[in-house]
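Computed from the coordinates by the stated procedures, all read-outs in this text should not be read as laboratory data. Keep in mind that what you see is a predicted model, and the values were worked out from it rather than measured. For neighbour counting, all protein chains shown are included, and Cβ atoms are generated from backbone atoms with ideal geometry for every residue, glycine included.
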Amino acid sequence: MKRLLITGAAGGLGKMARERLSHMADFLRLSDIDDLGEAAPNEEIVYCDLGDKAVVEAMVAGCDGIVHFGGISIEKPWDLIMNANINGVFNLYEAARKNGNPRIIFASSNHAIGFHDQTTKLDASSPTRPDGLYGVSKCFGESMASMYHDKFGVETACVRIGSCFPEPRNHRMLATWLSADDFVRLIERVFAISRLGCPIIYGASDNTMSWWDNGQVSYLGWKPQDNGEIYRAKVDAAMAQPGADSADMIYQGGFFATDGIHES
Ligand code: NAI
Ligand code: 15L
């Protein structure tokens, strides 16, 4: 690619992508509302609130691919979610439609299906069961991606990311963990494959404990290689395993499922 856009580049995953994806394009265009520091010679920095349609269009112009990490990433008041994850996603897809249909990775979340219980195995056809307003916004993003694919041919990988941190932080994340290495391997496949379509992909490593089946996207050729299980002893030593009646042991989305509406 000539130019790959990374939104949310000041965030946790955006910083990882900034470090790890420079081999994929001549230029990385990095965008956020937060500080992005100095641009390296192969980087362009664009400050952009995703809720601002005109600025989003300028941000997307000239990009051949988009890794869309920008937005509200946990449960928050609705006005924040609406600006970044609802209006922002619409603005991004309109900008893509008007600028040559760059391929998109949409950072969806396990919280789109977080109300399913942990005994249920899900695949790409399973119904969504969002566990909060944030999860609802991710279902909206997946629907937006689907419509822009069917109607306008914009291709998107909707990645229902589990928990992408350096290590699993609790017992639930032994199942939901996605290593940065496995995520980078997935991003490489998404941009390498000739026909992507608009698949739903569960973003998890090859964890021994697993609730998700990626069989329907085997055509991507993505083979996660890491396994959260190697951290089990460390997690056990750091904290007691929650009781069987705890949200973290019942719902795939863990405590998000029992969290209330954040009014302010
Ligand atoms: P983060 O919260 O660290 O980064 C999100 C970035 O988006 C921040 O730098 C923030 O400034 C920016 N942002 C927020 N509102 C914005 C707006 N209105 N306009 C422009 N930029 C705005 O989140 P993280 O962990 O890096 O996640 C990245 C994406 O992946 C998010 O969309 C999140 O929902 C998704 N995700 C992440 C998971 C993880 O385990 N890290 C799990 C599931 C989904
Ligand atoms: C998410 O969607 C969040 O962005 C991230 O911060 C974690 O909470 C993750 O899900 C998770 O469920 O572990």
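Within segment 77-220, the ratio Rg/Rh, alpha carbon atoms throughout and Rh by Kirkwood, equals 0.96.
Each residue in Thr208, Thr258 was given a count of other beta-carbon atoms within 10 angstrom of its own, and listing them fewest first yields Thr208, Thr258. Comparing Thr7, Ser108, Gly51 along the charge dipole axis of segment 3-258, the residue lying farthest to the positive side is Ser108, per the Cβ-charge model. Expressed as a whole number of Å, what is the distance separating the alpha-carbon centroids of segment 1-70 and segment 157-218? Value for the Cα centre distance between the two parts: 21 Å.
When DSSP beta bridges are limited to those with both residues in the chain, what percentage is antiparallel, rounded to the nearest 5? In the chain, approximately 5 percent of DSSP beta bridges are antiparallel ones. The residues Ile86, Ile45, Ile105, when put in order of fewest to most other Cβ atoms within 10 Å, stand as Ile45, Ile86, Ile105. Using label points projected 7 Å from each Cα along Cα→Cβ, tell me how many nm separate Asp52 and Ser264, to one decimal. Distance between the two pseudo-spin positions: 2.7 nm. Applying D = kT/(6 pi eta Rh) to segment 1-96, where Rh is the Kirkwood radius over alpha-carbon pairs, T corresponds to 10 °C and eta to 1.306 mPa s, the Stokes-Einstein value obtained is 120 µm²/s. Once you have a ≥ b ≥ c as the square roots of the Cα gyration tensor eigenvalues for the chain, tell me rounded if a/c is under 1.5, and otherwise prolate or oblate according to whether a/b is larger than b/c. Prolate shape, in that a/c is at least 1.5 and a/b is the bigger ratio. Taking a straight Cα-Cα cut-off under 19 Å and skipping sequence neighbours fewer than 8 places away in the same chain, the aspartates and glutamates within cross-link reach of Lys121 are Asp131, Asp206, Asp213, Glu229, Asp248.
For the pair Ala240 and Phe152, the difference between a 0.36 nm per residue extended length and the Cα-Cα distance amounts to 26.7 nm. For segment 1-85, the list of GluC sites (Glu not before Pro) that fall in a loop by DSSP and count at most 12 other C-beta atoms within 10 angstrom reads Glu38.
If the chain linking Ile230 and Asn101 were pulled fully straight, counting 0.36 nm for each residue of separation and taking away their Cα-Cα distance, it would gain 42.4 nm. Exceedance of the 24 Å cut-off in Cα-Cα distance is limited, within the set Lys2/Lys138; Lys98/Lys223; Lys15/Lys234; Lys98/Lys151; Lys138/Lys234, to Lys2/Lys138; Lys98/Lys223; Lys15/Lys234; Lys138/Lys234. Per residue, the convex hull spanned by the Cα atoms of segment 5-50 amounts to 62 cubic angstrom. Pairs of Cα atoms nearer than 8 Å and 6+ residues apart set the relative contact order; for segment 135-261 it is 25 percent.
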